[in-house]
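The values are calculated or read from the model by the stated rules, or taken from the named source; none is laboratory data. Bear in mind the structure is a predicted one, so any value in this text is a computation, not a measurement. For neighbour counting, all protein chains shown are included, and Cβ atoms are generated from backbone atoms with ideal geometry for every residue, glycine included.
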């Protein structure tokens, strides 16, 4: 008998001894329409299991595919920069500074350049000479003080 | 491993992860977050993933541990998760409403089970895993799983019988 079988399965089921296949049989039986009245209470349980099997995860998962930056290349770049620096550094230091070996010649050269500096310096100060005119003008304004004196007397 | 390869591996069981997480955490939002977190963790460790024999079982163990951690921190915060995901049946048929109602009742009964039993019922009756697989996922032995499963099923049956006979809720 089918019903007998189901009851046996249910007992096994309660003890956790049913196989997955047997459980599938139970599920099929209880989701069908002709369930024996005295087993009616099992119906919602199996219905619930079936409904819950259908629930799905609908949210998106943001999978980031950004590749990790490779720090190896930073060291490679640093080495390259250092090499270039050394290369140009050594070539620049070879340049002559323009040192004179003969003291007389050096003295002459220094005198020449100092003379040149003083010449152009004088040229610069000569153009500032007209500032004296301003001073002269300012001294003539001194008579304004006299006016101030008289006004102070009045306001006393 | 490319994104598509990863998705091909993960797609078949991502819903299972979600449902198991929901069974433990109860709220849908929490379960969604947990699932997302777990998938991201898997993605981050995708290089190690090929070493695992059974990625699905491994993910389930991860889910279990993650949810238990979550629950622990929740308890520490004294927060209670409120279940608000019941769908109200708009079907006009009296019978369907009744069935829907009793299905919700089953949900409530399962919710009241201890976490371990809840998890086992989920894995066995809903996800339909082998007992050995469940034992491996939960890091328990086979008999312990069976005992827990049997206890859970008996509790569910008892409560269901009571409500069925007396209509007490």
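Observations, loosely collected:
- Condition met for residue A:41 (over 60 Å from the mean Cα position of the chain (by Cα), at pLDDT below 85 and surrounded by 10 or more Cβ atoms within 10 Å (Cβ to Cβ)): yes
- Checked against the criterion of being more than 13 Å from chain A (Cβ to nearest Cβ), part of a helix (DSSP H, G or I) and modelled with pLDDT under 85, segment B:103-115 contains not a single residue that satisfies it.
- In segment B:10-27, the qualifying residues are those that are in contact (Cβ under 8 Å) with a residue 24 or more places away in the chain and surrounded by fewer than 17 Cβ atoms within 10 Å (Cβ to Cβ), and the one that is farthest from residue B:128 (Cα to Cα) is B:27.
- Any hit, segment B:76-91, residues being within 14 Å of another protein chain (Cβ to nearest Cβ), under 19 Å from residue A:56 (Cβ atoms) and modelled with pLDDT of 85 or more: no
- Selected residue (criterion: modelled with the highest pLDDT) from residues of segment B:92-102 that are part of a helix (DSSP H, G or I) and more than 8 Å from every other protein chain (Cβ to nearest Cβ): B:101
- Subset of segment B:31-54 [more than 9 Å from chain A (Cβ to nearest Cβ), at pLDDT 85 or above and buried (at least 16 other Cβ atoms within 10 Å of the Cβ)]: B:34, B:37, B:38, B:42
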